[in-house]
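The values are calculated or read from the model by the stated rules, or taken from the named source; none is laboratory data. Here the structure is a predicted model, which is why all the values come from computation and not from measurement. A quick note on method: Cβ atoms are made from the backbone with ideal geometry, for glycine too, and the neighbour counts reach across all protein chains shown. Protein only, heavy atoms only, side chains kept; ligands, DNA and RNA dropped before computing areas. Shrake-Rupley method; radii C 1.70, N 1.55, O 1.52, S 1.80 Å.
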Amino acid sequence: DFYWSWALIIWAFVSFFLASYEQLYFAWWVKDQGTSGPVRAAMLTYIVVMLGIYGVEYLLQIPGWIPTTWENKFYCLGDISFKIGTSVMRWACWRRVCTRGAF
């Protein structure tokens with residue numbers, strides 16, 4: 001079980017890095033596409049950074065380097081800020097499209 005657990009954790013992080021590379025590459029391209037391009041690029045970058053922080057937090061808890069209470073507080077505050085931040089970015093993108101024309 002120990003080796004399978006670590007194999008799955010490693011697989012998850014390798015997959016995350018590959019997906020993040022693709023998202024950041026797309027963000028670099030989309031920033032020059034229309035009026036909402038910079039907002040979309042910022043949203044993609046924000047998502048990659050937040051999910052990376054979630055992964056680091058998860059890894060710090062496995063060996064017990066941080067207390068469980070800190071982990072819970074981080075997830076509580078991080079989840080709220082992530083959802084609010086994503087909503088604000090989506091609203092800004094929608095608003096920009098509606099006021100300045102199509103994508």
Cβ contacts < 7 Å: first residue free of Cβ contacts under 8 Å to residues at least 24 places away in the same chain, restricted to the range 2-30; second residue surrounded by 12 or more Cβ atoms within 10 Å (Cβ to Cβ), any location; separation 6+ or different chain. Result? Phe26/Leu44; Ala27/Ala41; Ala27/Leu44; Ala27/Thr45; Val30/Gly37; Val30/Arg40; Val30/Ala41
Selection count, the range 62-82, where residues are assigned to a helix (DSSP H, G or I) and of a type in the set (Gly, Ala, Ser): 2
If we keep only residues of the range 1-21 that are within 13 Å of the chain's Cα centre (by Cα) and within 26 Å of Ile84 (Cβ to Cβ), then the residue least open to solvent (accessible area, probe 1.4 Å) is Ser20
Tell me which residues, restricted to the range 25-40, are at pLDDT 85 or above and surrounded by 14 or more Cβ atoms within 10 Å (Cβ to Cβ). Ala27
Look at the range 14-42 and say how many of its residues are β-branched (Val, Ile, Thr) and more than 18 Å from Val88 (Cα to Cα). 2
